[in-house]
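Every read-out reported here was derived from the displayed coordinates using simple, explicitly stated rules and does not represent laboratory data. Owing to the predicted nature of the structure, the values given are computational and were not obtained by experimental measurement. Glycine gets a Cβ as well: all are built from the backbone with ideal geometry, and neighbour counts include every protein chain shown.
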Amino acid sequence: MPGWWQEIVGLVLPVACGGCGRPRTELCEKCGSALAAEPRRVTPAPEPPGLPAVHAAAPYENAVRAMLLAHKERGALGLAGVLGGALAAAVRAGAGRAGGGEPVLLIPVPSSRRATAGRGHDPVRRIAAVAAAELRRGGMPARVLAVLRQRRAVADQAGLRARERQANLAGALVVTDSGRRLLDGARIVLVDDLLTTGASLAEAARACRAAGHAASGSAGGLRAAVVAASPSAFEINRN
């Protein structure tokens, strides 16, 4: 019901640009262009152990930051299209071509049930679905596989430092029993909307490896892609 209500509200009430607030447009051309740059490899500092290679579409600042917050926290669901397109570009940059029809599995980093219920939707899973559809249109066989679950409660990450986030999330994720067999022989890309410290993606990678997906193997190892990353993570790989 909360998701339906947000869809109806978006159709009835006047819209404003999710990036700059300009009226009568859900996304203006200038703000949309902020996600049109070539995705790049990003690395947080300090880099958490086990973090796979991550590609991001844009720095988390200005219009990009506003768009992600509008989609996640204010239910601007129409922004899923441009955000999912940016995520697809980041996946392509990191995963390359899927040779021999090898599928690409996009595994979203899960939010807590409480957070999802409070927002009325799962923002990462929504943009991952858009990204998978975009990849398929471009000839890359891709689908979303939501097999990660939280097996224990975690504290709110806001305000925690990098090492505190790592400790907070350590051992918190697990691959579902039904999902374990689906990981074998697939090219896996962990996906999230945002990278700051990298703790969430590192924990997601640990859970996948614990479920039997080797760090390096026939599927080429784990990769990760995000819509945006902290500006400092972009600076580390500028050269």
| said: Please rank M140, M67, fewest neighbouring Cβ atoms within 10 Å first, as an exposure proxy. | reply: M140, M67
| field | Label-point separation in nm, A36 to R24, each point 7 Å along Cα→Cβ | value | 2.2
| field | Phi to ³J(HN,Hα) by Karplus 6.51 cos²θ - 1.76 cosθ + 1.60 over the range 40-52, Hz, x for Gly, Pro | value | 9, 5, 10, 9, x, 10, x, 7, x, x, x, 5, x
| Per-residue HN-Hα couplings for the range 72-83, Karplus 6.51 cos²θ - 1.76 cosθ + 1.60 at θ = phi - 60°, whole Hz, x for Gly and Pro? | 6, 9, 10, x, 7, 5, x, 6, 4, x, 6, 5
| Applying 1/(1 + (r/R0)^6) with R0 = 25 Å to the Cβ-Cβ distance of R149 and E102, what FRET efficiency is obtained, to the nearest 0.05? | 0.45
| message | Could you tell me the calculated FRET efficiency between T176 and R137, based on Cβ-Cβ distance and R0 = 25 angstrom, to the nearest 0.05? | response | 0.30
| request: Kindly write out, for the range 225-235 in residue order, the coupling ³J(HN,Hα) from the Karplus curve 6.51 cos²θ - 1.76 cosθ + 1.60 (θ = phi - 60°), rounded to whole Hz, with x marking Gly and Pro. | output: 9, 9, 5, 9, 9, 4, x, 5, 5, 6, 5
| request: Would you please give the residues with an amide H less than 5 Å from that of A76, counting only those at least 5 places away or on a separate chain, with H modeled from the backbone geometry? | output: H71
